[in-house]
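The values are calculated or read from the model by the stated rules, or taken from the named source; none is laboratory data. Just so we're clear, the structure is a prediction, and the values are computed from it rather than from any experiment. Every residue, glycine among them, receives a Cβ derived from its backbone with ideal geometry; neighbour counts consider all protein chains shown. Note: areas computed on protein heavy atoms with side chains; ligands, DNA, RNA excluded. Shrake-Rupley method; radii C 1.70, N 1.55, O 1.52, S 1.80 Å.
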Amino acid sequence: TDFQAPATSGQTVSLSGLKGKQVVIYFYPKDSTPGCTTEGQGFRDQYAAFQAANTEIFGVSRDSLKSHENFKCK
């Protein structure tokens, strides 16, 4: 059975869609907090290097998708 989860931008992430890629999953406590923002910016700043290494990055917290969308826009 394939694992699927809702993601921002109306997307659904599935394991089958990530086949052949490396994956970084980082967990953080809450959107828009100073530590989480700094961590997210670090991944953002190095995103091109991760893409060049065939790696996708996913941040996970207990916040809603709407909260994630707002955090992503900031």
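Tell me, what is the FRET efficiency for Leu18 and Cys73 to the nearest 0.05, using R0 = 35 angstrom and their Cβ-Cβ distance as r? Provide the component values of the computation, followed by the final result.
Values: r = 24 Å, r/R0 = 0.70.
Plugging the Cβ-Cβ distance into 1/(1 + (r/R0)^6) gives 0.90.
Please list the non-local residues whose amide H lies under 5 Å from the amide H of Val13, H modeled 1.01 Å from N, same-chain partners needing a gap of 5 or more.
Ala5, Ala7
Only Cα pairs under 8 Å and at least 6 apart count here; give the relative contact order of the chain as a rounded whole percent. Provide the component values of the computation, followed by the final result.
Numbers: 68 pairs, mean separation 26.8, N = 74.
RCO, the chain: 36 percent.
State to the nearest 20 debye the size of the charge dipole of region 1-58 about its Cα centre, where the only charges are +1 on K and R beta carbons and -1 on D and E beta carbons. Kindly include the intermediate steps, with their values, before the conclusion.
Working: 4 positive and 5 negative charges, 16 e Å.
In total the dipole reaches around 80 debye.
Just the accessible area per residue of the chain, please: how many Å² with a 1.4 Å probe? The partial results should precede the final answer.
Details: 5430 Å² over 74 residues.
Per residue, the chain has an accessible area of 73 Å².
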